[in-house]
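Below is one structure, written out as C-alpha cells; the observations come after it.
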Amino acid sequence: MSIRKKRNALRQSLAVFRYSGRAIGLVWTTSRSLTIFFATLTLVAGLLPAALAYIGKLIVDAVIAASQSNAYKNDFVNSYHPLMYVGLEAIVVAALAGSQRGLTVCQSLLRMLLGHRVNVLILEKALTLDLTQFEDSEFYDKLTNARREASTRPLSLATRTFGLVQSALSLVTYGILLVRFSVWAVLVLILAAMPAFFAETKFAGQAFRLLSWRAPEARQQNYLETLLAREDFAKEVKLYQLGEMLLRRYHDLFNTIYDEDRELTLQRGFWAYLLSLLSTAAFYIAYAWIVVETVAGKITLGDMTMYIIVFRQGQNTFSSALTSIGGMYEDNLYLSNLYEFLEEKVSKPRGKATTGLNPQDGMRFENVSFTYPGSPQPALKNISLHLKPGEKLAIVGENGSGKTTLIKLLTRLYIPDSGRILIDGLDLQEWDINVLRQRIGVIFQNFVRYQFTVGENIGVGDVNRMEDENLWEIAAEKGMARSFIENLPTGFQTQLGKWFRGGQELSGGQWQKIALARAFMRVDANILVLDEPTSAMDPQAEFDIFNHFRALTKDQMVVLISHRFSTVRMANKIVVIEGGEVVEQGTHEELLQAKGRYATLFSLQAAGYQ
C-alpha cells in the first residue's frame, strides 16, 4: 500500500471520530448537572484504584515490619499501623464503590433523558422533510439506520469517552507505580493489549457495515410484523389465509440475517479468545518476573503484592481503554447514520406572502407538469385550468391518471417541474406555506383514521382550534356526522379505533362523514378539496351529502374528485384527465354534447343503473 493510501485510510479512520464531540455536547445540553456529576465521579473512579494498590502494599509491609519487631512490645502497638492502613483502605473502597454506583445511576438517568431527546430530534427532522422524501425507499433506509440504536449510541459514546478519561488517569497512576519496578514491564503491559484492540475495531466496522447494508431487510421484517399483528390487516390475513406464508417469509428473512450474524460472532469470539491468551501469557511472565525479584530480595513482599495487583489491574485497564476506543469507533459509525439523517437537506419555503394580488382571480394552473423522482413518465403534462371564487370543479379520470397528484401540487406537497399554480393571482411558491394551507381544507381518499376521540378526529382539521368543542359540533353538523355521533356511548368523547381500551369502530361511511366534518373545521378555508370523499357511501347518501355540501359552500371554491357521475354533474366545470393530460373541459351538458371520453364514461356508468 502506498504512503498516500495509508494516509487516506488513517484520515478516514480518524474522521469517523468527529461525532464524539457532538455526542458529548448532546449529553451536556440534555442535562448539565448530570454531566458534571458524571465527570466528577469519573475522576474519582480513575484515581482511587492505584491508591488501593499502594495502600495494599503499605498494609503488607506494615504487617511484616510489626511481626519482626520486638516480641515483648504490646500487641496493640505492633498492630497500630497495619490497622490504620486497613481502615484507610476501607474508606477508599467505600468511596470507590460509591463513585461506581453513582456512575451507574447517572448513566441510567441520562439514558432515559437522552433517548427521548434523540427521538425528538429525529421526529422534528421528519416534520421538515418533503413528501417526495417519504416516498423514496432509499430515504427509508436512512431513517431505519438513524433510528436503530440512535437513542443509546450518544450516551454510549459519552460514557466511553468518560471511561477513557478514567482509564487514562488510572494508567498514569499505575505507570508511576510500575515504572519503579521496570520500564519494560510498562511496555509489556501496553504491547500485550494492542492485538485485541485492532481485532475488535476491525470486527466493529464489519458489524456496522453489515447492519447498514441490510436496512431494507430490517424494514421488510418490520412490515411483516405489522401485517401479522395489526387489527387493520387481520381480516384479510385470516380470510385469504396469508398467515403461514407471511410467517414463512419472516422466518426466511430472520435466517438470512442470523447466518450473517452467526459467522461474524463466531469469528469475533474466536479471535477474542486467541488474543486474550496473549494477554494472559504476558501477565504470567510479568508475575514470574516479580516473584523472582522478590525471592532475590530486590523488592519487598509488599512491593510484590502491589506490582502484581498493579500489573493485573493495569492490564485490564489498558485493555478496557483500548476497548473503549474501539467502542467509540463503533458508536461513531452508528452516529454517522443519525447525523446524516439529521443533516438531510430540505427545501426551505421561500414564500412570505399572506395575501394575493387579485382575490377575484381564484385558482389557476398554467401549463403545469410534474414527474415523480425515478419515474420515466410524467404524472402530469401541461395542465391548464381556471377556477373562480365560488365555482365548483370536478376532476374525473381513470385510476393513475394524475388526479390526486394535481391535488398534491395544489396543496404544495409537491413542486411543479414546470409551469405555475396561482392563488388570487400570486404564484403558489410566493405564499407563506402556513397561511396557504390554512386556506385549503383537504380530504384525501386514504384519509387518516386517528386512534383519538371523535372530537379530536374532527378537531385535527384545524390544530389551532383542535379543542374547540363548539366548533366540533358545527363541523359535525356540516359534515352530516352529528346524528350518529350522538348515538355513540360518550358522544364526541368516544374513543375511536380498537388500539386503546373502550374504542369504538365506525363503518366506512361514518368515517368518511368524520373526515368531511374535519374539512369544515377550517372555517377560514376558501378552497375545499375532496378526493373521493364518499366512496364508502351508497349513491343516495352521497347525493344527499353533496346537495347539502353545495349549499354550504356557495362562496368557496371546491375541487371534487369522484368516480360517480351523479355527483360530478353538480359541478360548474368538469375536467377529464387521461395519462396526466387534460383531454376535455366543460359543463356536464357540454361534455355530453361533445360525445367524447366523458360522454362514454357517463353512458357506461348510467347503463349500470338501468
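The values are calculated or read from the model by the stated rules, or taken from the named source; none is laboratory data. Note that this is a predicted model, so its numbers are computed, not measured. Because the Cβ atoms are built from the backbone with ideal geometry, glycine has one as well, and the counts that use them run over all protein chains shown. Ligands, DNA and RNA are stripped out before the accessible areas are found, and what is left, the full protein with its side chains, is counted by its heavy atoms. Shrake-Rupley method; radii C 1.70, N 1.55, O 1.52, S 1.80 Å.
Residues in segment 399-437 that are open to solvent by less than 30 Å² (accessible area, probe 1.4 Å) and of a type in the set (Gly, Ala, Ser): Ser401, Gly402, Gly425. Can you find a residue in segment 469-482 that is over 21 Å from Gln556 (Cα atoms), among the hydrophobic types (A, V, I, L, M, F, W, C) and surrounded by fewer than 21 Cβ atoms within 10 Å (Cβ to Cβ)? No, that holds for no residue.
Condition check ((1) under 32 Å from the mean Cα position of the chain (by Cα); (2) on the phi > 0 side of the Ramachandran plot; (3) of a type outside the set (A, V, I, L, M, F, W, C); (4) not in a helix (DSSP H, G or I)) across all residues:
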position	(1), (2), (3), (4)
Asn464	yes, no, yes, no
Glu477	no, no, yes, no
Ser483	no, no, yes, no
Leu488	no, no, no, yes
Lys498	yes, no, yes, yes
Arg501	yes, no, yes, yes
Gly509	no, no, yes, no
Ile514	yes, no, no, no
Ala517	no, no, no, no
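Considering segment 402-424, the residues that are outside any loop (DSSP other than H, G, I, E, B) and among the hydroxyl-bearing types (Ser, Thr, Tyr) include one that is modelled with the highest pLDDT, namely Ser418. Each residue in segment 425-457 was checked for being part of a loop (DSSP other than H, G, I, E, B) and within 18 Å of Leu406 (Cα to Cα), and 5 of them qualify.
Quick check: is even one residue across segment 145-152 outside any helix (DSSP H, G or I), among the charged types (D, E, K, R) and open to solvent by 40 Å² or more (accessible area, probe 1.4 Å)? Yes: segment 145-152 contains one or more residues that are outside any helix (DSSP H, G or I), among the charged types (D, E, K, R) and open to solvent by 40 Å² or more (accessible area, probe 1.4 Å).
Here is a yes/no grid of residues against (1) outside any strand (DSSP E or B); (2) of a type in the set (Asp, Glu):
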| position | (1), (2) |
| --- | --- |
| Glu340 | yes, yes |
| Lys348 | yes, no |
| Thr355 | yes, no |
| Asp361 | yes, yes |
| Pro376 | yes, no |
| Lys381 | no, no |
| Gly390 | yes, no |
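For every residue, the table says whether it meets (1) touching a helix residue (DSSP H, G or I) at 6+ places or on another chain (Cβ under 8 Å); (2) open to solvent by 70 Å² or more (accessible area, probe 1.4 Å); (3) small (Gly, Ala, Ser); (4) not in a strand (DSSP E or B).
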{"residue": "Leu560", "(1), (2), (3), (4)": "yes, no, no, no"}
{"residue": "Thr567", "(1), (2), (3), (4)": "yes, no, no, yes"}
{"residue": "Ala571", "(1), (2), (3), (4)": "yes, no, yes, yes"}
{"residue": "Ile574", "(1), (2), (3), (4)": "yes, no, no, no"}
{"residue": "Val582", "(1), (2), (3), (4)": "no, no, no, no"}
{"residue": "Leu591", "(1), (2), (3), (4)": "yes, no, no, yes"}
{"residue": "Thr600", "(1), (2), (3), (4)": "no, no, no, yes"}
{"residue": "Gln605", "(1), (2), (3), (4)": "yes, no, no, yes"}
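Do we find a residue being among the hydroxyl-bearing types (Ser, Thr, Tyr), modelled with pLDDT of 80 or more and farther than 29 Å from Ala126 by Cα anywhere in segment 381-389? Yes: segment 381-389 contains one or more residues that are among the hydroxyl-bearing types (Ser, Thr, Tyr), modelled with pLDDT of 80 or more and farther than 29 Å from Ala126 by Cα. Checking each residue in segment 10-42 for being at pLDDT below 85, farther than 22 Å from Leu338 by Cα and out of contact with any helix residue (DSSP H, G or I) (no Cβ under 7 Å at 6 or more places or on another chain) picks out only Leu10. At least 3 residues being out of contact with any strand residue (DSSP E or B) (no Cβ under 7 Å at 6 or more places or on another chain), within 30 Å of Gln504 (Cβ to Cβ) and modelled with pLDDT of 75 or more is the threshold, and among the helices (runs of 4 or more DSSP H) wholly inside segment 207-300 those reaching it are 215-229.
Checked against (1) open to solvent by 70 Å² or more (accessible area, probe 1.4 Å); (2) of a type in the set (Phe, Trp, Tyr); (3) modelled with pLDDT of 85 or more, Phe492 passes all but condition (1). Taken over segment 548-597, the criterion of being among the hydrophobic types (A, V, I, L, M, F, W, C) and either more than 28 Å from Pro359 (Cα to Cα) or touching an Asp or Glu at 6+ places or on another chain (Cβ under 7 Å) (or both) is satisfied by Met557, Ile561, Phe565, Val576, Val583, Leu591, Leu592, Ala594. What about Leu530, is it modelled with pLDDT under 85 and open to solvent by less than 10 Å² (accessible area, probe 1.4 Å)? For Leu530, the condition - modelled with pLDDT under 85 and open to solvent by less than 10 Å² (accessible area, probe 1.4 Å) - is met. For the residues Met304, Met328, the requirement of being surrounded by fewer than 21 Cβ atoms within 10 Å (Cβ to Cβ) and part of a helix (DSSP H, G or I) singles out Met304.
Look at (1) more than 28 Å from the chain's Cα centre (by Cα); (2) over 22 Å from Leu560 (Cα atoms) and you find that Glu456 fails only one, number (1).
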